[in-house]
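The values are calculated or read from the model by the stated rules, or taken from the named source; none is laboratory data. Quantities reported herein were computed from a predicted structural model and do not represent experimental measurements. Counting neighbours? That spans all protein chains shown, and the Cβs are built from the backbone with ideal geometry, glycine included. Calculation scope for accessible area: heavy atoms of the full protein, side chains included, ligands and nucleic acids excluded. Shrake-Rupley method; radii C 1.70, N 1.55, O 1.52, S 1.80 Å.
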Amino acid sequence: MSVTDVREAISRAHHEEWARVVAALTGRFGDLDIAEEAAAEAFATAVERWPADGVPPNPGAWLTTTARRKAIDRVRRENKRVDKQKEAQLMYDDPPEPPGLIDDERLRLIFTCCHPALAMETRVALTLRMVGGLTATEIARAFLVQETAMGQRITRAKAKIKAARIPYRVPSAADLPARVSGVLAVLYLVFNEGYLATGPDTDPVRHDLTAEAIRLTRLIRALMPQDGEVAGLLALMLLIEARRTARVSGSGELIALDEQDRGAWDAALITEGHRLVRERLATGAAPGRYQILATINAVHTSARGVRDTDWSQVVALYDQLVRLDPSPIVALNRAIAVAELDGPQVALAAVDRLEDKLAGYHAYHATRADLLRRLGYGQQSRAAYDKAIDLAGNTAEITYLTRRRDQLG
């Protein structure tokens, strides 16, 4: 096996096994710091040993065993007075986990990271780090904050979990409704990081993250089959994931929705997503945020092309969403739909009103650039594209924005 093959195997193992290793160690040792540090050391050991020894037949098992030994070494160092009996228990005993509604270590890890004792932003950041394996830099970009501040936020969160003795388990049925909204927010951001990765040195679309977010959302839906927002989030993810293979060209450039080959979309995922949307609409219950977003995506994936899209329905759905979530990003996305319905001049006026809140957000400048281009303001459009390129982190998106800018002449 070549050096390149080994590096790819290590990278693949990190994507696929990080959460499993961290979750297994958290369940065993009850300490996120120990779990994260031991997992990182195990992967560092793999980088050293696999090129010489070869990739093991079961990389996940190898990493978990290695990380477990690293964790035991750390515990020994921190508690040198451990007696022979306790040391033997540490080495060989595997105490049973408390029974949960779903026996999945990663799901228990998510509920631990999403405990209500933590602030919402902290829950999301901690889960992205501990479950998604994202770096502090990637998480900071997702939050539009400084990397040092994000690192401190994660460190404080782990310390609080340890000090408060937050349990590592899936909540009881009585506690689930109050806890699930935070988990859904986490999974949605994990999915978004995979859908359009923020790191410049990562794949532009990280299927490992989108697949993991979908898998865990399916588990939560099995847990709460009557919850409309769980179904809505799953439908939203499926309808977006259905377009994944059509979103990046062979040369590594992002392909916008209006240029995608709709024949390349995953019909099975679209069918499942549409079914979930119809089921929720049939209940007559007032939809939540994820259900509305799923319905918007159902409209997009029902159309044969951009010109056939029912833009009036899309704008009406965004009007409904704004009442639930009056965030500037929702307003920006609504303006993009307004451009198709009422024209770019009306949309540009709405976008410009968001400058104070979204000046550091690359999609704001990319949207302005496109609207200015459509209105014939080439020089202003180029300047907006330059700002968007400077702020964007995704390589495929940078390539796309650069081409659009250069087409201005």
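Just a few scattered comments:
- Qualifying residue in the stretch 75-94 (condition: under 23 Å from the mean Cα position of the chain (by Cα), part of a helix (DSSP H, G or I) and either of a type in the set (Lys, Arg) or modelled with pLDDT of 75 or more (or both)): no
- Residue selection: Ala173 satisfies the criterion of being more than 20 Å from Trp18 (Cα to Cα) and touching a residue at least 24 places away in the same chain (Cβ under 8 Å).
- Any hit, the stretch 362-384, residues being hydrophobic (A, V, I, L, M, F, W, C), closer than 26 Å to Arg403 by Cβ, open to solvent by 30 Å² or more (accessible area, probe 1.4 Å) and assigned to a loop (DSSP other than H, G, I, E, B): yes
- Every listed requirement among (1) open to solvent by less than 40 Å² (accessible area, probe 1.4 Å); (2) outside any loop (DSSP other than H, G, I, E, B); (3) more than 30 Å from Leu391 (Cβ to Cβ) is met by Ile154 save one, (3).
- When we screen Asp5, Asp73 for residues that are farther than 30 Å from Arg165 by Cβ and open to solvent by 50 Å² or more (accessible area, probe 1.4 Å), the only hit is Asp5.
- Total residues in the stretch 338-347, condition out of contact with any Ser or Thr (no Cβ under 9 Å at 6 or more places or on another chain) and either assigned to a helix (DSSP H, G or I) or within 14 Å of Tyr364 (Cβ to Cβ) (or both): 5
- Meets criteria (closer than 27 Å to Glu193 by Cβ and surrounded by 14 or more Cβ atoms within 10 Å (Cβ to Cβ)) for Leu358: yes
- Considering residues of the stretch 8-43 that are more than 24 Å from the chain's Cα centre (by Cα) and either open to solvent by 50 Å² or more (accessible area, probe 1.4 Å) or among the polar types (S, T, N, Q) (or both) only, the residue modelled with the highest pLDDT: Glu41
- Per-region count, the stretch 157-182, residues under 30 Å from Tyr364 (Cβ atoms) and open to solvent by less than 60 Å² (accessible area, probe 1.4 Å): 2
- Filter pass, Arg129 being of a type outside the set (Phe, Trp, Tyr), modelled with pLDDT of 85 or more, touching a helix residue (DSSP H, G or I) at 6+ places or on another chain (Cβ under 6 Å) and within 19 Å of Leu216 (Cβ to Cβ): yes
- Top-ranked residue in the stretch 175-211 [being modelled with pLDDT of 80 or more and among the polar types (S, T, N, Q); ranked as nearest to Ala119 (Cα to Cα)]: Ser181
- Enumeration of residues in the stretch 112-134 that are outside any helix (DSSP H, G or I) and either under 12 Å from the mean Cα position of the chain (by Cα) or over 14 Å from Leu189 (Cα atoms) (or both): His115, Pro116, Ala117, Leu118, Ala119, Val131, Gly132, Gly133, Leu134
- Qualifying positions in the stretch 317-363 - more than 21 Å from Val306 (Cα to Cα) and among the acidic types (Asp, Glu): Asp325, Asp352, Glu355, Asp356
- Checking each residue in the stretch 302-349 for being in contact with a Lys or Arg (Cβ under 8 Å, 6 or more places away or on another chain), open to solvent by less than 20 Å² (accessible area, probe 1.4 Å) and within 18 Å of Asn192 (Cβ to Cβ) picks out only Leu321.
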